[in-house]
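Inspection log for the structure reproduced underneath, given as structure tokens.
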Amino acid sequence: MGSLRKVGNGNFDYSFKILLIGDSGVGKSSILLSFISNCVHDLSPTIGVDFKIKLLSVGGKRLKLTIWDTAGQERFGTVISSYYRVYDVTRRETFINLSNTWAKEVELYSTNQDCIKILVGNKVDKDKERAVSREEGIALAQEHKSLFLECSAKTRENVEQCFKDLVLKILEVPNLLENGSAVVKRQTMKQKQGHNSSRGGGGCCLN
């Protein structure tokens, strides 16, 4: 498997969008912050939608990840490369809601049939309070054709591995690579146009 490391500059080969979904309070924001900043904080519930950007190098490819963190109730209609479904292993209702609510939301509102999905059970550091077994998580992931991992935002166990597995799977899907590359090309064109405008390139005549 490829390694993840931070890209030193703003240039990248592909741009992918990742959406974190799941019930409020399962730790989506904590997982994201742990991945982005390599630190752990106690966070208040997200209000509305927030996003973070991470630049990485995976398997020789430079990637820009725009990771959207939802409050647990937003619908989504934008083109997403992958869905990161999170539940709390100590709260069984958050696991049940993945099938009863979130899987249906993805099916109904997703605009990309090739998107990659990963099912993530958070808070494994509270193993004595566990209400959902690992075997149940694996079974649900197989049912929905998703990747699966358990992690802990608090201890950072498997947090990076979750995103690593997700990104490597995205890189295996030609349609997602094409979409990710198209975003980069559009941004490059805008930058060139802005650069030419700043230099006074081109001209016009008024009659």
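A few comments on the model shown:
- Among the residues making up the range 94-117, those that are aromatic (Phe, Trp, Tyr) and buried (at least 18 other Cβ atoms within 10 Å of the Cβ) are Phe95, Trp102.
- Filter result for the condition that a residue is farther than 22 Å from Phe148 by Cα and either at pLDDT below 80 or crowded, with 20+ Cβ neighbours inside 10 Å (or both), over Asp69, Asp88, Asp42: Asp42
- Top-ranked residue of the range 123-154 - restricted to ones that are loosely packed, with under 14 Cβ neighbours inside 10 Å and under 20 Å from the mean Cα position of the chain (by Cα), ranked as nearest to Val58 (Cα to Cα): Lys145
- Those residues of the range 115-142 which are assigned to a strand (DSSP E or B) and either more than 16 Å from Leu20 (Cα to Cα) or of a type in the set (A, V, I, L, M, F, W, C) (or both), in sequence order: Ile116, Ile118, Leu119, Val120
- Some residue of the range 119-135 being in contact with a Ser or Thr (Cβ under 6 Å, 6 or more places away or on another chain), under 22 Å from Ser81 (Cβ atoms) and in contact (Cβ under 8 Å) with a residue 24 or more places away in the chain: yes
- Residue count for the range 102-114 satisfying the condition of being part of a helix (DSSP H, G or I) and in contact (Cβ under 8 Å) with a residue 40 or more places away in the chain: 4.
The values are calculated or read from the model by the stated rules, or taken from the named source; none is laboratory data. As the structure is a prediction and not an experimental result, all values here were calculated from the model. With ideal geometry, Cβ positions are generated from the backbone for all residues, glycine too; neighbour counts draw on all protein chains shown.
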